[in-house]
Structures are given as C-alpha cells and as structure tokens.
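Asker: If you scroll down you'll find the structure; I have some questions about it.
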Amino acid sequence: MRFGAPDFLPLLAVPAGLLILWMWQVWKRRADAQAFMRRRQVPVHERIPFFGELLFWLFLILAAGAALLALAKPQAVTSLVRTAGADIIILQDGSASMHVSDVRGNRWQRSMRFLRTLGEALRWDNDRIAMALFAHMATPQIRLTKDPNTYFFFLDHLEDRSPYRLEDDGTWDTNIERGIYWGLRLMEKDEELRRAAGLAEKTGAVMNPRSFVLISDGQSWSGEVAKSLALAQERGVPLNVVGVGTTAGGLIPDPKRQPNQPLLRSVLNRAELTRIATAGGGRYYEIDRESDREIANAIIDSTRRRAGTVGIQEGTQELYWNFLLGAAVFLALAVLFLRDRVALALQLGAAVAVLVFATTVF
C-alpha cells in the first residue's frame, strides 16, 4: 500500500494518543468497579458493564483514524501478469452450399451468429480480428483491427445473405486454397503497415499469436489446399476449422435450374474438414455439436497460450472510499453505545449537517 497524500499521515498521532488514553480509562474504570464492588453489598448479584460508554469513544477514535487515512489517499499496488492478445483471421465460406437450410436459418446465417459470439468473446484491448470471404474467388472484408465497431458493422450487413449470388457461376465452388491465401495476404499487409508506422520500434510491442478460423461445410471444395497449408505452417499459423451444417444435409436452391434439372444436395463433409484441420496444425469444431461460446473460447485460448506472458504490469487501486466507508461504519457503531439523550441528539444533528454538506458539495 502507498499513499498519494502522505502529509496527512503524521496526524494519525492524535488518534493513536487518544487510543492510549482510552486504554488507560478502561483500566481505571475496571479498578474503580472492583473497588466499588468490594465496598457495596446488595442481596442480588450486581453486574457492571465492562466498557460502558467507553465503547462509543473507541469507535469514535477508530472513525477518526479511518478518516485521516482516507485523506492520505491510500492506494493498493496490484501486479498483473500480462499476456499477449490474439489475432484471429476468419476465412468464411460463401459458396452456394452455404445457402442450404439444414440448420436454423441457413448455413450462412448460422455462421454469422457464431461469428458474433466469437467477437463478443474477444477482449478487444489487444485482441484483433480480420475477415475474408471466399467461394471460387476470395474477397478480403476486414483487415486486422481491434475496433469492435468495424467488425460488428460488417456482421450487421452480412448477417442475412452472402455477398456471393447464386446466379453467379463462381459461387458454385468452394476454393479453400484461395481463402487461406488471402488470409496470409491480410497478415502480410498488417506487417507492412506496422513497419511503415514503426509501431514495433516505438512501443516495443509484442506480435500477437495468430490463427486462422475456417468456417465451411467442406462441400465440393477445390484448389491446392496443401500448398496454402504449407505456407501457413511456414508462418507458424495454425488453421482451426469450424464445420457448419448436418450430415443429413439439404438441397441447394438454384435460381437458374431448368424444370427438368434436379436440385443438388449438400451435406457436411466432416471427414475432409477434419483432415484439413489436422494438416493445418489446428482443431476441428462443429457448430451445434458444441455451443458457440465453448468453440469461441477454445479457439481464443489456444491462440493466446502460444504467446505465453509478456511481463508483469503494475497498477494501483484507489482505497479512498473504502476507508471513508470504514469511518462511517465505525461512527454508526459508536452511536449504538450512547445512552445519554443529549449526546444522541448532538450526534443526530451532526449527521444531518454532514449529509446536507455532502449533498450540496457533490
């Protein structure tokens, strides 16, 4: 503990001296009580209170001491082990199969609800998030940012439907390779911006550990995924995969379908998504097999654990109001041991005056 205004601390000598005087009064009272009991003889057992109204003065002295400590602005020194934040790069599948309604809403809308939970699970002080969407081609949406307003703004506008239209031929492909490639590009762009701004040199900032979060049903995927996974592994970025959909699957709506042409069926390709997660050094999760909060916390915690600690941060906690509350409690206890009506009236008047003063000032 330390004090912001230590000049008030010498005044504690006054309540300390009064406490010594109070102890002498207690000893004197007990000596007088014993002498009185030896001289006085009554037919019934007579009891004399040990402290009497001296307890009022004890609590009054303690209240004065607590008030003086409050004036000295006490502060508790706290030490907090600092950990690095987490950089999460989301790779969201936006292909045609994400329009299947085998989950509540459809797979795309279910993915957006999960991403909202993932954003709510971040601390946003050092944590950052980025997003890229992909079908046959990938389109980056958000570069790495620790601004939650930016992230949730995009989710609000992507929540109802995918920007990839079913009428476009490119929507009918799940090119996971392009998604991972653009995730790596988002990382490289962030590093370029940091070097240009000189943030690492100015602040001594520690780079956050990074991880990819691929959200897909794994249906009809294409591209040389192994090549992109190798690049991610070289950069030390694991790929966590979140599957969305069911093994029963559902029909993909096709606005360009001819009357005699059957609808295509899409199912959750759990085996392939698990293989991709294993090759990418991450884990496979599945929406609705675990709760969104559990999946989000597991991904964030596994990312943070890769960084370890980055030092100990010292802080202070103001204890002014704690000691002031203690003084008020001691004063209230003191009043309980008053028996004289005049003294009680004086205490009540003083309390009302203090309350009026505090209301006027604050």
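The values are calculated or read from the model by the stated rules, or taken from the named source; none is laboratory data. These numbers were taken from a predicted model, which means no experiment stands behind them. Cβ placement follows ideal geometry from the backbone for every residue including glycine, while neighbour counts extend to all protein chains displayed. With ligands, DNA and RNA removed, areas are computed over all heavy atoms of the protein, side chains included. Shrake-Rupley method; radii C 1.70, N 1.55, O 1.52, S 1.80 Å.
Asker: State whether region 83-137 is rounded, prolate or oblate according to the following rule on the C-alpha gyration tensor (a ≥ b ≥ c being the square roots of its eigenvalues): a/c under 1.5 gives rounded; otherwise a/b larger than b/c gives prolate, and the remaining case gives oblate.
Answerer: Values: a/c = 4.91, a/b = 1.83, b/c = 2.68.
Oblate is the answer for region 83-137, as a/c is 1.5 or above yet b/c matches or exceeds a/b.
Asker: Spelling out what I want: for every residue of region 228-245, take phi, set θ = phi - 60°, compute 6.51 cos²θ - 1.76 cosθ + 1.60 (Karplus), and round to whole Hz; glycine and proline get x.
Answerer: Once rounded to whole Hz, the list reads 5, 5, 5, 5, 5, 5, 4, 7, x, 10, x, 10, 8, 10, 10, x, 10, x.
Asker: Rounded to the nearest 5, what % of DSSP beta bridges with both residues in the chain are antiparallel? Please list the in-between numbers first.
Answerer: Numbers: 17 of 42 bridges.
About 40 percent, rounded to the nearest 5.
Asker: Something else: Using only protein heavy atoms and a 1.4 Å probe, report how much of E120 is accessible, in Å² to the nearest 10.
Answerer: 100
Asker: Still on this structure: Of the residues L268, L18, L186, which exhibits the maximal mean-square fluctuation in a Gaussian network model of the chain defined by a 10 Å Cα contact cut-off?
Answerer: Taking springs between Cα atoms under 10 Å, the residue moving most is L18.
Asker: In addition: Computed from these coordinates, which is Cα Rg over 2.2 N^0.38 Å: [x] 1.70; [y] 1.10; [z] 1.35?
Answerer: Recomputing Cα Rg over 2.2 N^0.38 Å here picks out [x].
Asker: Compare the peptides 93-105, 160-172 by average per-residue count of other Cβ atoms within 10 angstrom and give them in order, highest first.
Answerer: 93-105, 160-172
Asker: How would R265, R235 rank on accessible area, largest to smallest, probe 1.4 Å? Provide the component values of the computation, followed by the final result.
Answerer: On the way: R265 140, R235 90 Å².
Listed by decreasing accessible area, they come as R265, R235.
Asker: Pairs of Cα atoms under 8 Å, at least six residues apart: use those to get the relative contact order of the chain, whole percent.
Answerer: Values: 588 pairs, mean separation 90.6, N = 362.
Contact order relative to length: 25 percent.
Asker: Just by accessible area at a 1.4 angstrom probe, what is the order of R283, R178 from largest to smallest? Spell out each step's value before the answer.
Answerer: Numbers: R283 130, R178 65 Å².
The ordering from most to least exposed comes out as R283, R178.
Asker: Follow-up question, since we're still on this one. Check which residues have an amide H placed less than 5 Å from V242's amide H, if you skip close sequence neighbours.
Answerer: L214, I215, S216, Y285
Asker: Largest first, what is the accessible-area ranking of R107, R194 with a 1.4 Å probe? Write out the running numbers ahead of the final one.
Answerer: Values: R107 0, R194 40 Å².
I get R194, R107, largest accessible area first.
Asker: Given a Förster distance of 45 angstrom, what is the FRET efficiency for F3 paired with Q41, based on the Cβ-Cβ distance and rounded to 0.05?
Answerer: Result of the calculation: an efficiency of 0.20.
Asker: With every protein chain left in place and a probe of 1.4 Å, what is the accessible surface of H157, to the nearest 10 Å²?
Answerer: Here the residue's solvent-accessible area equals roughly 130 Å².
Asker: Can you compute 3J(HN,Hα) from phi for each residue in region 173-179, using the Karplus curve 6.51 cos²θ - 1.76 cosθ + 1.60 with θ = phi - 60°, rounded to whole Hz and x for Gly and Pro?
Answerer: Each residue's phi maps through the Karplus curve to give 8, 10, 8, 5, 4, 5, x Hz.
Asker: Using the basic label-point model (7 angstrom from Cα toward the beta carbon), what is the T316 to D254 distance in nanometres?
Answerer: Those two pseudo-labels are separated by 7.1 nm.
Asker: If each residue of separation counts as 0.36 nm, what is the full-extension length gain between R165 and L19 once their alpha-carbon separation is subtracted? Please report the intermediate quantities before stating the final value.
Answerer: Numbers: separation 146, 0.36 × 146 = 52.56 nm, distance 8.21 nm.
The R165-L19 span can extend by a further 44.4 nm.
Asker: May I pose another question? Using θ = phi - 60° and the Karplus curve 6.51 cos²θ - 1.76 cosθ + 1.60, what whole-Hz ³J(HN,Hα) does each residue of region 109-126 get, with Gly and Pro shown as x?
Answerer: 5, 5, 5, 5, 5, 5, 5, 5, 5, 4, x, 5, 7, 6, 7, 6, 8, 10
Asker: If a/c stays under 1.5 just call it rounded; otherwise compare a/b with b/c (prolate if a/b is bigger, oblate if not). Do that for region 1-129, with a ≥ b ≥ c from the square roots of the Cα gyration tensor eigenvalues. Show your work: numbers first, answer last.
Answerer: Details: a/c = 7.82, a/b = 2.92, b/c = 2.68.
Prolate shape, in that a/c is at least 1.5 and a/b is the bigger ratio.
Asker: Right, another one. Could you compute the FRET efficiency for A279 and K73, with r as their C-beta to C-beta distance and R0 at 45 Å, rounded to 0.05? Can you show the working numbers first?
Answerer: Working: r = 58 Å, r/R0 = 1.30.
Using R0 = 45 Å, I get an efficiency of 0.15.
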